[in-house]
Structures are given as structure tokens and as C-alpha cells.
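What follows is a short report on a single structure.
The values are calculated or read from the model by the stated rules, or taken from the named source; none is laboratory data. Keep in mind that this is a model prediction, so the values were computed, not measured. Here the Cβ positions follow ideal geometry from the backbone for every residue, glycine too, while neighbour counts run over all protein chains shown.
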Amino acid sequence: MEWSNVTWFLTALGAVVVLLTRIRLGGESAGEQNRASGVAGYSSALLRLHTIVGVLTLVAWVVALVTARRELALGALAGWWLLAIIGLLLLARWLPSGGRHAEEKAADAWGSGAGLSLLGHLGMVAGVAYFTFVTLTDRL
């Protein structure tokens, strides 16, 4: 297994997660407006922070991979972990809320529901764990 191929592939997937999160949550229905009953809202500031941290982390990480600078990779690694935590906070909106009169949540499909969010953000945590392993074992 070539470490660099896996690292570049997971970097591209991380970029997709940041982009899809922005697209899915950044439309007109951001935050508290037009949300399904039983699904918690999220802060638009949290979404902006996710996007900003994601873009800055991706740029720093790519530069670190290209230049093989461990110091820069460690800084980008901190950004990856922050991004994963923010993503999990955004994912928490799908936790069940126990309202007695709440309607069922939206059905899960490729573009709606919790499925894509779970796949992306839990996958991001696994990818960041891999990035941590690669960085700390000097396999950049």
C-alpha cells in the first residue's frame, strides 16, 4: 500500500465533505428556517466556521504534503481535528428530540436526511485519525 496515494485520496474526500456540507446546509433554509419537526437547528455561524476552517486546513494540508514540511502538517492536523469536531456538532442536529407531537423526520435519501451526513462526518473522523497516524509516524 502506497501511503501517499491513500493520503491524497482521503484529502480529496475531505474536500468533498466540506463542499457538500456547505451546499447542503448553506442554502436559503440555513439555521432555524424551514427545518423538519424533530430535527434540531444549527447555527449559521457554525456552518461558516466549518467552511472557513475546512478551506484553510485543506490549503495548509496540501502545501504540507507537497513540501513535506512536518511543522506545517502538524498545524494542518490541528485544523483537521477542529474541522471534524465542528462537523460532528453539525451532525448532532439529527439526534432525536423527544417531542410528543413531533412529526416523523424527513426520509433519508442521498441528498436529504442523516445518511449522507453520517457517512461524511464519521468518515472524516476516521480520515483525520489516519492523517494523524501518517503525520506522527513520519510517512508524509
> Quick one: which of A45, A15, A40 is surrounded by fewer than 13 Cβ atoms within 10 Å (Cβ to Cβ) and at pLDDT 85 or above?
Replying inline: A45
>> With touching a His at 6+ places or on another chain (Cβ under 7 Å) and modelled with pLDDT under 85 as the only criterion, which of L95, L91 stands out?
In response: L91
> Right, W61: aromatic (F, W, Y) and at pLDDT 95 or above or not?
Replying inline: yes
> Here are T67, T21: which of them is modelled with pLDDT of 75 or more, buried (at least 17 other Cβ atoms within 10 Å of the Cβ) and on the phi < 0 side of the Ramachandran plot?
Replying inline: T21
>> Contact list please: Cβ distance under 6 Å, first residue in the range 111-136 and modelled with pLDDT of 95 or more, second residue of a type in the set (S, T, Y), pairs at least six apart or on different chains.
In response: none
>> Of all residues being of a type outside the set (V, I, T) and not in a helix (DSSP H, G or I) in the range 122-140, which is surrounded by the fewest Cβ atoms within 10 Å (Cβ to Cβ)? Just the residue, please.
In response: D138
> Of all residues in the range 59-75, which are part of a helix (DSSP H, G or I) and either basic (K, R) or within 16 Å of A126 (Cα to Cα) (or both)?
Replying inline: R70
